[in-house]
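The values are calculated or read from the model by the stated rules, or taken from the named source; none is laboratory data. Quick caveat, the model's predicted, so the values are computed rather than measured. Cβ: placed from backbone, ideal geometry, glycine included. Neighbour counts: every protein chain shown. These area figures cover heavy atoms from the full protein model, side chains too; ligands, DNA and RNA do not enter into them. Shrake-Rupley method; radii C 1.70, N 1.55, O 1.52, S 1.80 Å.
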Amino acid sequence: MRAGYRIFGIVQGVGFRPYVARTAEKYGICGYVKNCGGYVELLAEGGHLRSFLHDLFAFSGIISYEEFTPSGESFEDFKIVESTDGDALPPLLTPDLPLCDECETELFDTSSRRYLHPFISCAKCGARYSITEKIPYDRERTTMAEFPLCDDCKKEYGDISNRRHFAQTQCCNECGPEIYFNNLTGVTAIEKAIEEITSGKVIAIKGVGGYHLAADPSNDAAISRLREIKRRDKKPFAVMMRDMETIRKYCHITDAEEKTLKSNARPIVLLKPKKSCISPFVAQESDRLGVFLPYTGYQHLILQKIEAIVLTSANLSDNPIIIEDEDAKKIPCDGVLHHNREIVTPLDDSVIAIVDDEPVIFRRARGYVPLTIRADAEDGIFAAGSDLKASFGFSKGGNLYLSQYLGDLENSGNAKRYESEIKRMGDLFEVRPKRVVCDLHPGFHSSKIAEEMGLPTVKIQHHFAHTLAVMAEFSLDSAIGISFDGTGYGTDGAIWGSEFIYADRYGFKRIGHLKEWEMLGGDDFAKDAKKCAISLLLPYGNVLSDSRFDIIRAALHNKINTVRTTSAGRLFDGVAAMLGICEENTYEGRCGEALCRVAESDCDAADIRLPLEILEDEFEIDPTPFFERVIKNEEKKSFARAFHISLANAIVDGAVFVREKTSENNVCLSGGVFQNRLLLSLAKEGLKRAGFNVYHNKKYPLGDGSIALGQLYFKERK
Ligand code: ZN
Ligand code: ZN
Ligand code: FE
């Protein structure tokens, strides 16, 4: 008996081949296993083949497999064969993996050769994507190539019964990379860095995907200083905590949150903090604290001594993450804990919230990239994504690849990084784009870069792309798309942001939206919520008693620098300001968050019906009844919850209207406004009650980070 298989999935760089070899030995199988470009090839003969295959396909990373008929001579034993380069099929590569339990135990085992070794790893754990220069994934094609294995490590690498058999990133105190702090090395360097942090200093630490800044979260002065260094005023910082026990001490936590914290991606999870000894300057006004667990050996070593550290990327706010040692030297902090292993791919920490036990991804980077999704899509498409929370994508061999989060392209550093990552990721996966899909927005940097590629280019509407991104994740062919966000360029030149569309993979029809209003454009369009409130309340006069009222009214009257908009993001800003809750988006989404926070603390609220104004086959949602109630009332803040409820109900009414016109029962929710957990939760609940199948992205961001995924899922009508 002989069998050949091509196995697809997360099967490279996770100890799959050694697992196969061990299993083969157990059942007396001969043959080989090898990494090919995009899959693992296996030939098996003799022995207990059935039992072998049964155990083999129990491996969790396998997504699919194909059988082939092997030819050639038979084998006398079982071997892991060297990788073969080049293959038409797209290579799959594993994201960076956190330190596994066995390595964690070994790290503190005084009898181990790897006792306190900062870079301890095995076949199941360690850096992957961030250090891989070329594929197939093997040590010589990673930045571990500079650290040849010592004799003892070599022995373990070759020993089929060892968990470091074929482990590409493994090393030890003898042969691994070195860690430094000033003129100190190894554990002494780490200890000195910890000493500095506990004494109130701010220290830079080289991580997996880039440099972090670390400070003591209980020290107000240290956190204030960190805010100065980062030039970050209000946006919360994340805190890395020693273990689950520590997290439970500081935060309320659900099972789904715990599972996400412990997942292989080790993302930052937004948790509800308990009253604690953490400095109020860490989360500032936010009622959520971003928390994550250590994922490298040296992070574990640091957190052995201090149970929690603020850990935030070391770049200036809104700039690209720092990966070069030279750049790190310029950080105005009190010292740098660095190491001599190079980072190839810059990766921020990923950020997730759990809403109704389901993940909502705010930022997709380390731990998730470069996982793909399978879809029937043409080869060689490049998708440029969006400018805010930029991320681009490629299609190859039925896989949709999405880059990591790359920030706002208005920043020139981010724009440069965006371009260099296109080249790097394209080279790595050997994708040669033939066609380009980008956003309709005439001012988008991403669209300009896409056009400069000189390839056939299609521009698709932003909210159509948002809806397609959800359809891609759930393999849907058509859906009602409800996309609520800040800014999306509309086909009529207005700023859209509250779309109800009917979409298939080829196109969409816009059926509903918020009633359009006019407001001042300009740089602070998305920042100054008070200006937005004045525009919305214009028909009622200067009800907010703002000194700028006359100027704004004149500008709107004479249409000087005005824009027409249906942006739900701006509606949230305007409402936050008119209720006296928050007046400025010092960081993106701040007003919406503040509104949600106040709304959640209210128990009951009036349901103010926002009627659908029906114009033939389309409708508009008119928020006027809400405004009228607000301006008549003294207790304005008490309308925060009512606003969420009213809008969620209008969303259900809108979806029902579209269903009546199209008979479509799938609803895809998308756009950054749904990061508002109360709105998301209410809308989902209402839609489900009305009998809809409700979807939103769970493996990909809810906001603009998945625009490229939608663009890749778009099909051109031939
Ligand atoms: Zn391990
Ligand atoms: Zn070694
Ligand atoms: Fe958007």
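Brief remarks on what is shown
- Looking across region 298-314, the residues that are within 21 Å of residue 127 (Cα to Cα), of a type in the set (A, V, I, L, M, F, W, C) and not in a strand (DSSP E or B) come down to 301, 302, 303, 314.
- Residue check for residue 156: away from ligand 2 (no atom under 16 Å from the Cβ), over 16 Å from residue 342 (Cα atoms), out of contact with any helix residue (DSSP H, G or I) (no Cβ under 9 Å at 6 or more places or on another chain) and not in a strand (DSSP E or B): no
- Residues in region 285-307 that are over 23 Å from the mean Cα position of the chain (by Cα) and open to solvent by less than 30 Å² (accessible area, probe 1.4 Å): 297, 298, 300, 301, 302, 303, 306.
- Among the candidates 33, 11, the residue that is outside any strand (DSSP E or B), crowded, with 17+ Cβ neighbours inside 10 Å and in contact with a strand residue (DSSP E or B) (Cβ under 7 Å, 6 or more places away or on another chain) is uniquely 11.
- Checked against the criterion of being within 15 Å of ligand 1 (Cβ to nearest atom) and over 28 Å from residue 263 (Cβ atoms), the candidates 163, 128, 113 yield just one match: 113.
- In region 544-564 there is no residue that is within 25 Å of residue 648 (Cα to Cα) and of a type outside the set (Lys, Arg).
- Qualifying residue in region 132-147 (condition: assigned to a loop (DSSP other than H, G, I, E, B), within 15 Å of ligand 2 (Cβ to nearest atom), outside the structural domain of residue 205 (by TED's automatic domain parsing) and over 25 Å from residue 430 (Cα atoms)): yes
- Pick from region 14-30, criterion at pLDDT 85 or above and assigned to a loop (DSSP other than H, G, I, E, B), ranking: surrounded by the most Cβ atoms within 10 Å (Cβ to Cβ): 29
- Test: residue in region 175-189 that is within 16 Å of ligand 1 (Cβ to nearest atom), in contact with a helix residue (DSSP H, G or I) (Cβ under 6 Å, 6 or more places away or on another chain) and closer than 25 Å to residue 22 by Cβ: no
- A count restricted to region 659-704 and to residues that are open to solvent by 10 Å² or more (accessible area, probe 1.4 Å), within 16 Å of ligand 3 (Cβ to nearest atom) and either in a helix (DSSP H, G or I) or basic (Lys, Arg) (or both) stands at 4.
- Answer from 374, 341, 363 - the residue that is in contact with a Ser or Thr (Cβ under 9 Å, 6 or more places away or on another chain), of a type in the set (Lys, Arg) and surrounded by fewer than 21 Cβ atoms within 10 Å (Cβ to Cβ): 374
- Between 630, 656, the distinction of being open to solvent by 20 Å² or more (accessible area, probe 1.4 Å), more than 16 Å from ligand 1 (Cβ to nearest atom), among the hydrophobic types (A, V, I, L, M, F, W, C) and assigned to a helix (DSSP H, G or I) belongs to 656 only.
- Residue in region 166-189 that is without any contact (Cβ under 8 Å) to a residue 12 or more places away in the chain, in a helix (DSSP H, G or I) and outside the structural domain of residue 347 (by TED's automatic domain parsing) present: no
- Looking at 620, 600, just one residue is of a type in the set (Asp, Glu) and at pLDDT below 95, and that residue is 600.
- The residues of region 222-237 that are open to solvent by less than 70 Å² (accessible area, probe 1.4 Å) and touching a Ser or Thr at 6+ places or on another chain (Cβ under 6 Å), listed by number, are 223, 230, 232, 234, 236, 237.
- Some residue of region 400-413 being among the polar types (S, T, N, Q) and over 26 Å from residue 324 (Cβ atoms): no
- Selection within region 48-73: residues that are in a loop (DSSP other than H, G, I, E, B) and in contact with a strand residue (DSSP E or B) (Cβ under 7 Å, 6 or more places away or on another chain). The member of this set that is nearest to residue 166 (Cα to Cα) is 61.
- For beta carbons closer than 7 Å, sequence separation of 6+ or different chains, a first residue in region 45-66 that is in the same structural domain as residue 11 (by TED's automatic domain parsing) and a second that is open to solvent by 30 Å² or more (accessible area, probe 1.4 Å) and of a type in the set (Ser, Thr, Tyr), the qualifying pairs are 45/74; 47/27; 48/27; 51/27; 52/27; 59/19.
- None of 257, 245 is open to solvent by 10 Å² or more (accessible area, probe 1.4 Å), among the acidic types (Asp, Glu), touching a residue at least 60 places away in the same chain (Cβ under 8 Å) and not in a loop (DSSP other than H, G, I, E, B) except 257.
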